[in-house]
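A short write-up of the structure that comes next.
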Amino acid sequence: MSNLEKQRQKVGVGIKTISVINLAIYCVMFLFSLFGLLFKDQLNSELVKQGVKKTYYSSNFVPIIIVSTLIVISVILILLKNISGVILYFIVCFFNILYSIIQSGVGVNTLTGLILPLIMGVFVYRKRDIFKRKRQQ
C-alpha cells in the first residue's frame with residue numbers, strides 16, 4: 001500500500017477533532033444527568049429552600065442520558081470507521097434537535113446544536129471512502 005492509499009484510509013484530523021469535542025461534551029452531559037438522576041431529591045429540597053418552585057423529575061434526566069450514551073457509542077464507531085456509527089450519529093442528532101424543539105421551541109440553543117453535526121457531516125462526506133461497506137469479492 002502506498003503512502004497516498006494509507007493517507008486515504010485514515011479517519012482525518014477534522015473527524016478526530018469533532019469526535020473529541022463531542023465525546024467531551026456528551027460525557028460531561030452524561031455524568032451531570034446521572035448525578036441529577038441519582039440526587040434529584042436532594043436537588044429538589046435545596047431548590048425549595050432557596051425559594052425556587054421548579055422541581056426535577058426522572059423524566060428530565062433520562063432522555064439526556066439516552067442521547068449522550070448513543071452519541072458516545074456512535075462517535076466511537078465513527079472513529080473505528082464503521083458506517084453504522086455515522087448513521088446512528090445523525091439519527092440521534094436529528095432526534096435530539098427535534099426533542100429540543102418540542103421541549104423549548106426554536107431558539108439560539110437549537111441553532112447552536114446544529115453546528116457540530118453539520119461540521120461532522122462535512123468531514124465525514126470528505127472522507128466518505130473509508131466509511132463505505134466493503135464488498136465481498
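The values are calculated or read from the model by the stated rules, or taken from the named source; none is laboratory data. Note that the structure is predicted; figures quoted are calculated from it, not measured. Neighbour counts are summed over all protein chains in view; Cβ atoms, including those assigned to glycine, are modelled from backbone coordinates with ideal geometry. Each accessible area value is taken on the protein alone, full model and side chains, heavy atoms only, with ligands, DNA and RNA left out. Shrake-Rupley method; radii C 1.70, N 1.55, O 1.52, S 1.80 Å.
Just a yes or no: is a residue in the stretch 68-86 out of contact with any helix residue (DSSP H, G or I) (no Cβ under 8 Å at 6 or more places or on another chain) and surrounded by 11 or more Cβ atoms within 10 Å (Cβ to Cβ)?
No, because not a single residue in the stretch 68-86 is out of contact with any helix residue (DSSP H, G or I) (no Cβ under 8 Å at 6 or more places or on another chain) and surrounded by 11 or more Cβ atoms within 10 Å (Cβ to Cβ).
List the helices (runs of 4 or more DSSP H) inside the stretch 64-137, counting only whole elements, that have at least 2 residues being in contact with a Leu (Cβ under 7 Å, 6 or more places away or on another chain) and within 22 Å of Cys27 (Cβ to Cβ).
Ranges flagged: 83-104.
Within the bounds of the stretch 46-63, is there any residue that is assigned to a helix (DSSP H, G or I) and within 30 Å of Gln9 (Cβ to Cβ)?
Among the residues of the stretch 46-63, not one is assigned to a helix (DSSP H, G or I) and within 30 Å of Gln9 (Cβ to Cβ), which makes the answer no.
Under 7 Å between Cβ atoms, at least 6 apart or on separate chains: pull out the pairs that start in the stretch 15-38 with a residue that is outside any helix (DSSP H, G or I) and end on any residue that is open to solvent by less than 60 Å² (accessible area, probe 1.4 Å).
none
From the residues in the stretch 108-128 that are more than 19 Å from Thr17 (Cα to Cα) and open to solvent by 30 Å² or more (accessible area, probe 1.4 Å), which one is farthest from the chain's Cα centre (by Cα)?
Looking at the filtered set, the residue picked out is Val108.
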